[in-house]
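Engineer: The structure follows.
Readers should treat all values here as calculations from the given coordinates under stated rules, not as data from a laboratory. These figures come from a predicted structure and were not determined experimentally. Neighbour counts run over all protein chains shown; Cβ positions are idealised from the backbone, glycine included.
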């Protein structure tokens, strides 16, 4: 089961989601999207909260109010972290998560520590958690199928971009050829290279 929450602090609203328990977390890790941002309370057990960015967006594109919603949701869904003040929540792109065979279910590491960001959460903001909990829905999506559909769409988009690029290249080549021919015609008809039909100044109409 996956829990979905609507963050309406921006327009249009965005969706935050997390696994109900560690086995769902494992599936979310396995079938995550490159656009997913992963959140977790640092150094203690917590829910794995995700935010899905638009294609091409980066961590810098996360609105500050959405970031607050995500870290508060993460803290509230940590048994120990929820009782603590001044906890850190770390976040990074899904592509930076590292899973090795020896890790426990739901456990992850990072490929690049420098790409992990950290937010200090001083205390639980009940008004935020109450607002998010009112939007919670539960679904059991086929995460693998969703990822495969996403990848298929991306391949289609890349193919279309490639076709458009080739079309622009053909048009540019045709334009260069037209310009080349125009320059050739201009050279052929330069006035300096044209002969005259006058007979060296003699008028053929003159007679005795």
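Engineer: Would you order 50, 185, 4 from fewest to most other beta-carbon atoms within 10 Å of each residue's own beta-carbon?
Structural biologist: Numbers: 50 25, 185 9, 4 15.
Result, fewest neighbours first: 185, 4, 50.
Engineer: Still on this structure: Below 8 Å between Cα atoms, with a sequence gap of 6+, how large is the relative contact order for region 2-96 in percent? Don't jump to the answer; show the numbers that get you there.
Structural biologist: Numbers: 161 pairs, mean separation 29.7, N = 95.
After rounding, I find 31 percent.
Engineer: Continuing with this model, one more query. Return the label of the correct value of Kirkwood radius over Cα pairs in Å, as calculated from the structure shown, out of (i) 18.9; (ii) 21.5; (iii) 16.8.
Structural biologist: (ii)
Engineer: Quick one: Cα centre-to-centre distance for region 3-50 and region 125-172, in angstrom?
Structural biologist: About 15 Å separates the Cα centre of region 3-50 from the one of region 125-172.
Engineer: Report the full-extension gain for the segment residue 134 to residue 112: residue separation times 0.36 nm, less the Cα-Cα distance, to one decimal in nm. Let's see the in-between values first.
Structural biologist: Details: separation 22, 0.36 × 22 = 7.92 nm, distance 3.59 nm.
Separation in residues times 0.36 nm, less the Cα-Cα distance, equals 4.3 nm.
Engineer: Related question: Using Cα pairs under 8 angstrom and six or more residues apart, how large is the relative contact order of the chain, in percent? Mind showing how you got there, number by number?
Structural biologist: Values: 272 pairs, mean separation 44.2, N = 208.
Relative contact order for the chain comes out at 21 percent.
Engineer: Here's a follow-up. First measure r as the distance between the Cβ atoms of residue 79 and residue 157, then evaluate 1/(1 + (r/R0)^6) with R0 = 45 Å and state the FRET efficiency to the nearest 0.05.
Structural biologist: Working from the Cβ atoms, E equals 0.60.
Engineer: Here is a follow-up. Using just the helices of the chain, give the 222 nm mean residue ellipticity in deg cm²/dmol: DSSP H runs with n ≥ 4 each add -39,500 (n - 2.57), and the total is spread over all residues, rounded to 500. Mind showing how you got there, number by number?
Structural biologist: Details: 4 runs with 76 residues, N = 208.
My calculation for the chain gives -12500 deg cm²/dmol from helical runs alone.
Engineer: Connecting C-alpha atoms closer than 10 Å in a GNM of the chain, tell me which of 162, 28, 51 has the biggest fluctuation.
Structural biologist: Result: 162 has the largest fluctuation of those listed.
Engineer: With the chain treated as a Gaussian network of Cα nodes joined by springs under 10 Å, which of 69, 61, 151 yields the largest mean-square fluctuation?
Structural biologist: With Cα springs under 10 Å in the chain, the top fluctuation among 69, 61, 151 is at 61.
Engineer: Answer rounded, prolate or oblate for region 36-128, using the Cα gyration tensor with square roots of eigenvalues a ≥ b ≥ c: rounded when a/c is under 1.5, else prolate when a/b is larger than b/c, else oblate.
Structural biologist: Details: a/c = 1.98, a/b = 1.14, b/c = 1.74.
Here region 36-128 falls in the oblate category.
Engineer: Give the calculated FRET efficiency between residue 6 and residue 175 to the nearest 0.05, with a Förster radius of 45 Å applied to their Cβ-Cβ distance. Numbers along the way, then the final one.
Structural biologist: On the way: r = 50 Å, r/R0 = 1.11.
Rounded to the nearest 0.05, the efficiency is 0.35.
Engineer: Then there is this: If you stretched the chain out fully between residue 185 and residue 122, how much longer would it get, using 0.36 nm times the residue separation minus the C-alpha to C-alpha distance? All intermediate terms of the calculation are to be shown ahead of the outcome.
Structural biologist: On the way: separation 63, 0.36 × 63 = 22.68 nm, distance 7.70 nm.
Here the segment from residue 185 to residue 122 would lengthen by 15.0 nm.
Engineer: Measure off 7 Å from each Cα along the Cα-to-Cβ vector at residue 57 and residue 21, then give the distance between these two points in nanometres to one decimal.
Structural biologist: Rounded to a tenth, the inter-label distance reads 3.2 nm.
Engineer: While we're looking at this one, here's another question. Within a 10 angstrom radius of the beta carbon, how do 121, 49, 41 rank from fewest other beta carbons to most?
Structural biologist: Numbers: 121 21, 49 28, 41 25.
Going from sparsest to densest Cβ surroundings: 121, 41, 49.
Engineer: Please work out how much length the chain gains when fully extended from residue 43 to residue 104, using 0.36 nm per residue of separation minus the C-alpha to C-alpha distance, in nm with one decimal.
Structural biologist: Full extension from residue 43 to residue 104 adds 20.5 nm.
Engineer: Please arrange 27, 11, 175 by counting, for each residue, the other beta carbons lying within 10 Å of its beta carbon, fewest first. Intermediate results must be reported in sequence, preceding the final value.
Structural biologist: Details: 27 16, 11 6, 175 10.
If I rank by nearby Cβ atoms, fewest first, I get 11, 175, 27.
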